[in-house]
Structures are given as structure tokens and as C-alpha cells.
Amino acid sequence: MKKSRLPFYTTLLVLAFFYLPIAVLILNSFNASRFSSAWEGFSLVWYRKLVTQREILHALTNTLVIAFTATAASVVLGTTAAFALHRFGTRLQRLHYVLIYTPLVVPEILMGMSLLLFFVAIGVKLGLFTIFLAHVTFCISYVAMVVLARLQDFDFSIVEAAQDLGAGWWVTLWRVLLPLLAPGIAAGALLAFTLSIDDFVISFFVAGPGSTTLPIRIYSMIKHGSPPLINALSTILLVLTFALVWVSQRLVKEKP
Amino acid sequence: MKVEQRSRLTEWLVTAPSFAWLAVLFVAPTLIVFAITFKPPDPYGGLGPGWTLGTLRSLADPNYPAIIWRTLWLSVLNTAFCILLSVPTGYHIARAPLRVRQMILLLVIVPFWTSFLIRIFAWKILLHPDGLLKQALVHLHLVQPNALLLYNARAVLLVMVYTYLPFAILPIYAAAEKFDFTLIEAARDLGAHQLRAFFSVFIPGIRRGLMTAILVVFIPSLGSYVIPDIVGGPSSQMIGNKIAQRTFVDRNLPHASGLSAFLTLAVLVPLAGALFLQGKRAKPTDIVLEDA
């Protein structure tokens, strides 16, 4: 039977489409020319200039502080949420599911705008703390979904067995439940961490003076700055992301 | 009785944290958007005292219908292109040998993890008048040397498809992976043409994945703001750009919240439909081909 080659060619086209811009960007970061149209030889000049930019380092520090704290908080909230959604089939949980699911599809600009108005209305000063609150809000849903997916093939009779053998709930939690769920929780944490590091729209709306994050910095560089510097910065970030994806893939593969 | 009470207590303990957090920082802010539409602005970018219908009246700006229409149109086109590309891709990935499948999936996921601003910026470089793509197309006589590839609605659409495509491929692949491909062979054995087998057996078989893909592309598209901001021009503005402009340039929060309230209502309709369908999913009577 003859098989159509169309799906194969579409896949190739899609992959080329995905990687062409990224490849050109990486290549250009090593281009000595200020303009991307001509190749004037291999150079690290843009990377050297990048190191002298103090604002970037400051923005990176802000980004990392928010990413670590928001990940920690959303992992706790997201994991308990996933557990509740999985364990109990009550009407409360159906409402809970809608609450968890909706932030995943609502456009970012709406979340950013509504949080900005909320903070202005209740008089909270905009800054790192408001960015932290906003990031936890959208990360909870992602963590909950990833952990929930892991719980689907989790055998709860293990928990019952532990309790039958006399383990209290604290021991069951720390010695049975959490170790078994660890890969799912780690994958959720990694997703929350990358989403937090990458977020621009929501952060832009709830940021205040002095709380510039790396994506906000990159945005203003795109708007007003020098393209070769952004190329260099982007290449560094891409390499870091590839490393993170690689680690997360290793975590996902370790299924018990 | 005691066991039931304990289970109720456990449920509250694990539900309350995330429930309360999202009620305060997601539901309340969404409702506040509607309330602030009726507040007057103050000259310092804050909110004045009292209530007014002024914002509602100023939303009757004659520019808005064109922007709303463009937002809707670009979102529909974006969704259509994403589905058109992701159905064959999802099909191919699902039928590929395991190692190839993992490889392609990884390649699809990586852009999803990389910075979204950087990917948009990469297109700006590529489409720039001095950029590589422009030069190549001129060289191949596919575009005029003075044609502008950037700062128009076509550039916005191209980058939207680029950004949202992974979101469409993943759910379609997930549905295709569960699809029983022997059904296509059965249809062919019964005399169905290749295309007919594809459209009347495969497509209905993956319709859950299709629904999810349409939803996760269409709804966020309606709120696009960064893409038209970076690769679009004044003639390709979307509602998102207007919301940002009212917030950061005009510093008129009530006006921005009026537009956000409108967008929220526009998003709620497809979302409620999706949640309704999701609620129906749990039925055990579901079989793959119930309406094929």
C-alpha cells in the first residue's frame, strides 16, 4: 500500500520553520558586522560588550530571585492542588479544576492587566513582590497539571498499604507519597522555573521602578538597543534553555 | 462517620491553599477589571473618586471596530494555519518509530521552552530589509527589492503561527498517539480512498486533540500584544496593543480596563464551551469512532 509522503514533508517544513530564525540569530551573534546582512568574520566582540552591561546583571539577579521563590511557592500550591483534584471527586473539586484550568488559556495580557488593576486598587506598591505574586498565580496551574498527569498512573493502594502497616500520615507523606511523586514534582518545578524566567507580558504590567527583570530588559533592548548585543545575550540564554530541557527530559524518562 | 470527617478535613487542607490563592489573585482581579471600567481616571495615572459611565462612552471610538475585527481575523487565520500544519505533523510523529518520535518531539518542545521575546526578535532580524530572508527572496525574484516584509499584518500572522504552532502540535500528537492506525487500514481495505480514510477515520478519531489545539491557539491569540508590537506596524494593531497603549502611554487605567473587560467577555465564550466539553469527557461510554 502506498503511503502519502505529505505528513513527512510537512514535518520537515515545520522543523525548518522552527529552527531557521534561531540558527540565524546564533550565527549572527558571532558576526563582527553590526548589520546582519553581511558576514564580516567570526568575532566575540558582542559577548565582550555584553559583560560590561551592568543593567543586564541586575535584571538577571531580579529574574533569578523571582524564579526561585515563585517556583518554591507554586510547587507547594500546585502539588496540593493536584492531589486534591485527583483524590476527591466532589463538586468542590470540579470548581477547583475550573480555577486551575482557566489561567492556562486566559491571554497573558488579561492576567497582567487585571493584576495591575488589583494591586493599584488595594494600594500595593509595584515591585519584585508583585511580580512574585503574579508568577506564583500562573505557575500553580502548570505545576498542578504536570503533577496531576503523574498521579493518573499512581497506585494509591501503596498509600493504603503503608497506613495498614501502621504508618501515620506524616510518615506516609514523607516516606511514601513524596518520593514516588518526586519526578512529577521536579518536572513541574522545572516548568514553573522556565515559565517564570521567560515571562514578559505579565511581569511588564506588574513591575515597578527598580524591579526590571531580564525579559523586560530584553524588550527595551529590542525596542531601543543594539541588535548584535541582543543576539549575543539570546545565544547565551538559548544554550542555557537547551541544557534545562535536556535535564528535564532525563527526569521525565526516569519513570518508576 | 469518623473516617468520612477525616477525609473531608483532608480535602479542605489540600484544596484551600491553591483555591484561596487563585480566588484572591485570579478571580478577584478579573472582577475588578469590570468594576474599574466605571471609575474615573485621575491625571496621575491612578483612579479618581466616584463612579462614571464616561469610559463606556469613550469606548465607542470609531477606530475600535477595525481593531477588533483585525484581532478576530488574525486569530482565526493563525488557528487555521496552525491546525493545517500540525495535523500532518502530529500524524507523522505518531507513526514514526519510537526513537525518531522522541527526537522530533524534543525538537518541537525546545522552542516552546526558549524565550518568547528572543524568538520574535529572531524573526525581526530575519525579515528586516537587510535581513537574510529578505535578501534571499529578492535574489530568487520572489519579492520586489522595495517590498516591506516587516511591520505589517502578514508579518504578525507569520510570527503568530511560529509562536503558537508547538501548542497545536502537542495535543494533536497526543491524540494521534492513542489513535488505532489499523482503523485506517481497515477503511482502505473496505475500499476508502487514502484521503477519505484520513478525513473520515483519522480526523474524527483525534477530535479531542483538535479541540484542545484550537482552544490553546485561538484564545491566547486574541490577547496577542508583543508580536504585533515588535513585528507589526500602526496598520496591524490588535486589542492587546490598545490595552497596553492606554495603560503605559496614556496612563488611563479605566479605559484600559474597559478594553480588557471586553476582551475577557470575548474569551469567556469559547472557554466556557471548552470546559463544558471537558466535563463531558469523563463518560465511560466514549469510544473512538462514535460518530465516524
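The values are calculated or read from the model by the stated rules, or taken from the named source; none is laboratory data. What you see is a predicted model, and the numbers here were worked out from it, not measured in a lab. Every residue, glycine among them, receives a Cβ derived from its backbone with ideal geometry; neighbour counts consider all protein chains shown.
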*Restricting attention to region A:103-113, and to residues there that are more than 7 Å from chain B (Cβ to nearest Cβ) and surrounded by 18 or more Cβ atoms within 10 Å (Cβ to Cβ), which single residue is nearest to A:LEU178 (Cα to Cα)?*
A:MET111
*Across region B:195-215, what is the total count of residues that are closer than 16 Å to B:LEU77 by Cβ and either buried (at least 22 other Cβ atoms within 10 Å of the Cβ) or within 8 Å of another protein chain (Cβ to nearest Cβ) (or both)?*
1
*Does region A:77-88 contain at least one residue that is of a type in the set (S, T, N, Q) and part of a helix (DSSP H, G or I)?*
yes
_Among the residues that make up region A:21-30, is at least one of them within 26 Å of B:ILE118 (Cβ to Cβ) and of a type in the set (Phe, Trp, Tyr)?_
yes
*Quick one: which of A:SER211, A:SER248 is in contact (Cβ under 8 Å) with a residue 60 or more places away in the chain, buried (at least 18 other Cβ atoms within 10 Å of the Cβ) and not in a helix (DSSP H, G or I)?*
A:SER211
*From (1) at pLDDT 85 or above; (2) out of contact with any Ser or Thr (no Cβ under 8 Å at 6 or more places or on another chain), pick out the condition that doesn't hold for A:LEU50.*
(1)
*From the list A:PHE200, A:PHE193, A:PHE156, A:PHE204, which one is within 27 Å of B:PHE112 (Cα to Cα), among the aromatic types (Phe, Trp, Tyr) and more than 9 Å from every other protein chain (Cβ to nearest Cβ)?*
A:PHE193
*Can B:LEU259 be described as surrounded by fewer than 23 Cβ atoms within 10 Å (Cβ to Cβ) and not in a loop (DSSP other than H, G, I, E, B)?*
no
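A quick yes/no check of all residues on (1) aliphatic (A, V, I, L, M); (2) in contact (Cβ under 8 Å) with a residue 60 or more places away in the chain; (3) under 21 Å from B:PRO171 (Cβ atoms); (4) crowded, with 20+ Cβ neighbours inside 10 Å:
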| site | (1), (2), (3), (4) |
| --- | --- |
| B:ARG6 | no, no, no, no |
| B:TRP12 | no, no, no, no |
| B:VAL24 | yes, no, no, no |
| B:ASP42 | no, no, no, no |
| B:ALA60 | yes, no, no, no |
| B:LEU84 | yes, no, yes, no |
| B:VAL87 | yes, yes, yes, yes |
_Odd one out for B:ARG8 among (1) assigned to a helix (DSSP H, G or I); (2) over 30 Å from A:TRP169 (Cβ atoms)_ = (2)
*Go through region A:220-236 and give me each residue that's of a type in the set (Ser, Thr, Tyr) and touching a residue at least 12 places away in the same chain (Cβ under 8 Å).*
A:SER226, A:SER234, A:THR235
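Picking from B:ASP229, B:ASP189, which residue would you name as being within 18 Å of the chain's Cα centre (by Cα), assigned by TED's automatic domain parsing to the domain that holds B:ARG70 and free of Cβ contacts under 8 Å to residues at least 60 places away in the same chain?
On the way: B:ASP189 fails: within 18 Å of the chain's Cα centre (by Cα).
Just one listed residue meets the conditions, B:ASP229.
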*asked:* Among the residues in region A:84-91, are any out of contact with any strand residue (DSSP E or B) (no Cβ under 9 Å at 6 or more places or on another chain), at the interface with chain B (Cβ under 7 Å from one of its Cβ atoms), crowded, with 23+ Cβ neighbours inside 10 Å and over 28 Å from B:PHE218 (Cα atoms)?
replied: yes
*Just to be sure, is A:THR61 within 28 Å of the chain's Cα centre (by Cα), more than 9 Å from every other protein chain (Cβ to nearest Cβ) and outside any strand (DSSP E or B)?*
yes
*If you check B:LEU165 against the conditions, is it in contact (Cβ under 8 Å) with a residue 40 or more places away in the chain, away from chain A (no Cβ under 13 Å) and of a type in the set (A, V, I, L, M, F, W, C)?*
no
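Condition first: among the β-branched types (Val, Ile, Thr) and at the interface with chain B (Cβ under 9 Å from one of its Cβ atoms). Now tell me which residues in region A:207-230 satisfy that. Before the answer, list the steps.
We begin by selecting, within region A:207-230, every residue among the β-branched types (Val, Ile, Thr); these are A:212-213, A:216, A:218, A:222, A:230.
The answer is A:ILE218, A:ILE222, A:ILE230.
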_Please determine whether any residue of region A:123-132 is within 16 Å of the chain's Cα centre (by Cα) and touching a residue at least 40 places away in the same chain (Cβ under 8 Å)._
yes
